[in-house]
Amino acid sequence: MTIDPRIAIIGGGPGGLMLARLLHLHGLAPIVFERDAHADERPQGGSLDLHAETGQHAIRAAGLEDAFLAEARPEDQGDRLYDADGTLLFDRDGHGDDRPEIDRSALRRILLESLPEGMVRWASRVEAITSDESGHTVVTAGGTQAFDIVIGADGGWSRLRALLSDVQPRYEGAVFVELGFDRRRHPQVDALVGAGKMFAVGENRVLIGQRNGHDHIRGYAGWRIDEADAWALGAMPREAARAATLAVFEGWSSALRDLIGGGDLLGVRPLYALPIGYRWPSVPGVTLLGDAAHLMSPFAGEGVNLALADAVDLAEALTSGAGWPAVERYEAAMVARATPAAEDAAHGLAAVLSRKGAAPVLDHYRARLSG
Ligand SMILES: Cc1cc2nc3c(=O)[nH]c(=O)nc-3n(C[C@H](O)[C@H](O)[C@H](O)COP(=O)(O)OP(=O)(O)OC[C@H]3O[C@@H](n4cnc5c(N)ncnc54)[C@H](O)[C@@H]3O)c2cc1C
């Protein structure tokens, strides 16, 4: 008789929940430790586009295609580019593209509903993980529990990663201020965004508008700023942070500045990334997936797609019967897949926040059209 391994997944984000779903389909019963008290404790962030070979592939492997299609928005794949004066430089409606959008909260709900009751332990922040010859012990405020395998799906500031190496994310030199709009109350923002996503790019500054489900539009104001100043901005009262953001976009067209002045200011996110190609020495019984393994800035639009693809590959490795060497092969393949995406994210950030303004972004869109 074989005994199923005791598996802990730290983190109930898209990567951790997808892994739980896939292991559940194989008859295993992992436990997901999630620090949030419940699914709606905090806003989950904006819309995500799922790519065919990674995010959509995972959805199919998890048997969740119908639930995904019911929530996905294939009509929201357009791109627009403006300069700082509000001149429209590029506009395509994205009709026929194969990267349907889905709200992050909808994706999380679909994954949660696919799991048996009790598989996710809410309000369970993992404080520490200790290891000895008998296995790995997960420590939360509620107590300790021993496991054979512990997977860090706990995002960019992963606790589990500290067991494997002392590498930490590095500041990317830029901040995003996140804004939210109801499109019915902000028709001018609605008109600006078009059929999906808009970028307005000026010297070292960007405004982004992104159509979400349920008549919501998510906005981001991004610029280059010192790390300490980015955190100081995040510590300001909301209206003071808004005024500071408006000052950065002084001289931009009033229609674009409405993206900062008109919406709800939802948060301030300094951007961090792990070193490109980050790899840790493999430790039997402990591994990582998603942002915990390869946090990158959002400029490649790959983060969630990689996290979901990692979950598929790791589930295959864990259920292959080939032992830990299969997981080591997963780790090598994951790094090989994430590295070009991380390079794209770094190039994307350099192109969008440059002294040349909109020109490099326009070149990128045109090259994509002709390629
Ligand atoms: C502004 C912005 C826009 C983005 N846009 C896109 C996009 O358009 N497309 C795209 O593909 N990606 C995008 N991303 C990236 C994407 O959000 C991430 O890559 C993705 O969420 C990673 O999933 P994950 O499951 O690895 O980690 P996360 O989503 O970070 O989930 C980690 C989970 O672990 C939990 N957790 C953390 N620590 C602990 C602990 N100690 N104990 C218990 N639980 C813990 C957290 O509460 C969380 O639920 C964007 C990111 C940002 C910041």
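Before moving on, here are some points about what is shown:
- Verdict on residue 90 being outside the structural domain of residue 12 (by TED's automatic domain parsing), of a type outside the set (S, T, N, Q) and either more than 25 Å from residue 268 (Cβ to Cβ) or surrounded by 17 or more Cβ atoms within 10 Å (Cβ to Cβ) (or both): yes
- Helices (runs of 4 or more DSSP H) completely within the stretch 214-323 that count 1 or more residues being within 15 Å of the ligand (Cβ to nearest atom) and without any contact (Cβ under 8 Å) to a residue 60 or more places away in the chain: 227-235, 291-294, 303-318
- Candidate set: the stretch 149-171, residues that are charged (D, E, K, R) and in contact with a helix residue (DSSP H, G or I) (Cβ under 6 Å, 6 or more places away or on another chain); chosen: the one farthest from residue 9 (Cα to Cα): 161
- A Cβ distance below 8 Å, combined with a sequence gap of six or more or placement on separate chains, defines the contacts here; from the stretch 40-57, residues that are in a strand (DSSP E or B) reach residues that are more than 7 Å from the ligand (Cβ to nearest atom) and of a type in the set (S, T, N, Q) in the pairs 47/210; 47/212; 49/77.
- Listing of strands (runs of 3 or more DSSP E) fully contained in the stretch 100-197 that carry 2 or more residues being buried (at least 19 other Cβ atoms within 10 Å of the Cβ) and hydrophobic (A, V, I, L, M, F, W, C): 126-132, 149-152, 170-182
- Residues of the stretch 1-60 satisfying the condition of being more than 10 Å from the ligand (Cβ to nearest atom), more than 29 Å from residue 182 (Cα to Cα) and acidic (Asp, Glu): 4, 53
- With respect to (1) open to solvent by 60 Å² or more (accessible area, probe 1.4 Å); (2) closer than 19 Å to residue 355 by Cβ, the lone exception for residue 269 is condition (2).
- Residue 177 within 30 Å of residue 240 (Cβ to Cβ) and at pLDDT 95 or above: yes
- So residue 219, is it touching a helix residue (DSSP H, G or I) at 6+ places or on another chain (Cβ under 6 Å) and either at pLDDT 90 or above or polar (S, T, N, Q) (or both): yes
The values are calculated or read from the model by the stated rules, or taken from the named source; none is laboratory data. Just so it is clear, the model here is predicted, and its values are computed rather than measured. Neighbour counts are summed over all protein chains in view; Cβ atoms, including those assigned to glycine, are modelled from backbone coordinates with ideal geometry. To get the accessible areas, we keep the full protein, side chains included, count just its heavy atoms, and leave off ligands, DNA and RNA. Shrake-Rupley method; radii C 1.70, N 1.55, O 1.52, S 1.80 Å.
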